[in-house]
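Report on the structure given below.
The values are calculated or read from the model by the stated rules, or taken from the named source; none is laboratory data. Because the structure is a prediction, the values reported are computed rather than measured. Glycine gets a Cβ as well: all are built from the backbone with ideal geometry, and neighbour counts include every protein chain shown. Just the protein is used for accessible areas: all its heavy atoms, side chains included, with ligands, DNA and RNA removed. Shrake-Rupley method; radii C 1.70, N 1.55, O 1.52, S 1.80 Å.
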Amino acid sequence: MRLRALAPAKVNLSLFVGPTRPDGRHELVTLFQSLSLCDELELDTLEAPPDRVECPEVPGETNLAARALADLRARGWAGPPVAIRITKRIPVAAGMAGGSADAAATLRLASELAPGRPEEVEAVAAGLGADVPAQLAPGLAIGTGAGEIVERLEPLAAHALLVVPLPAELSTPAVYREADRLGLPRDPGELAELLARLREEARPGARLPAELMINDLEPAAVSLCPAVGEALDRVRGTGAHAAMVSGSGPTVVGIWWGAEAAERADQAARSFGPEYPRAHVARPVDVNVGAPEAV
């Protein structure tokens, strides 16, 4: 038996960082949006164990999809042995949650093959990292806690994004440490106010106000990688309604609203030269994009 699923990348349309929790993570208020930029996973059942996850770009224990499958198996998942092949299209270590997306797609595939208890799947997702729970059902969602508490939302107004991956790497822990050094985290009261505002403004069919399209990690990413600041200036010069770092970087995104958003983003993408070879246009997607299917 063979199943296939897409694993959409994500951007944070808002990312507000609060104080450090006892577990070492930061309190967050964020708005996740899944994108049309997707990895592709294929699952084949095997006659005998062990399970295998094949991904040349992210091998071994660093592969979150392999960890997701092993953790689910350890919790009693009774599916047959499987081999999963991952075709990577989401840039690695780019702040777009490609590894988390692959792990979430693996959990969807496993649940399609041999349904288990949803709470076990959710527990595995939460144990893998703050981005994985939101990716279990692609689309638009508010994340709180460290990002793992997910509140699903209906789509916003039509928009398109220019995605500009940079040929650089930024460690997420290093970016958070730099944010702490720069004094960027907000106090709990301000974080609660921003959450209330985000819930009010992120209505179905609404445009998110520019003052909420902020990534608190952006100054830290720019401090560690000045090329991020240069790319942000370049994207802002194209006339985007908003430009921001994706996650902890180094990918930069520009966002346009309205019926002509995709056309305007495409024009901006064509203006980028060979120094940004991977600049491309993406659109928001919903849960249907990640649904497993038999092939």
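Scanning the range 100-120 for residues that are in contact with a Pro (Cβ under 7 Å, 6 or more places away or on another chain) and open to solvent by 40 Å² or more (accessible area, probe 1.4 Å) gives a single hit, E112. Within this structure, A179 passes the test of being buried (at least 16 other Cβ atoms within 10 Å of the Cβ), among the small types (G, A, S), in a helix (DSSP H, G or I) and at pLDDT 95 or above. Of A202, A158, all but one fail to be more than 21 Å from P133 (Cα to Cα), among the small types (G, A, S) and either in contact (Cβ under 8 Å) with a residue 12 or more places away in the chain or open to solvent by 60 Å² or more (accessible area, probe 1.4 Å) (or both); the exception is A158. Only one entry of V82, V92 meets the criterion of being among the hydrophobic types (A, V, I, L, M, F, W, C), free of Cβ contacts under 8 Å to residues at least 60 places away in the same chain, under 20 Å from G147 (Cβ atoms) and surrounded by 14 or more Cβ atoms within 10 Å (Cβ to Cβ), and that entry is V92. Residue-level check: of (1) closer than 24 Å to R186 by Cβ; (2) open to solvent by 10 Å² or more (accessible area, probe 1.4 Å); (3) assigned to a helix (DSSP H, G or I), A243 misses just (3). The number of residues in the range 39-58 being under 21 Å from G95 (Cβ atoms) and either outside any strand (DSSP E or B) or open to solvent by 10 Å² or more (accessible area, probe 1.4 Å) (or both) comes to 4.
Within the range 43-62, the presence of a residue that is touching a strand residue (DSSP E or B) at 6+ places or on another chain (Cβ under 7 Å) and under 30 Å from I255 (Cα atoms) is excluded. Kindly provide the set of residues from the range 198-223 that are more than 19 Å from F16 (Cα to Cα) and not in a loop (DSSP other than H, G, I, E, B), ordered by number. Scanning the range 198-223 gives no hits. Here is a check on your reading of the model: is P115 within 24 Å of V287 (Cα to Cα), without any contact (Cβ under 8 Å) to a residue 60 or more places away in the chain and over 21 Å from the mean Cα position of the chain (by Cα)? Yes; evaluated as a whole, the condition is true for this residue.
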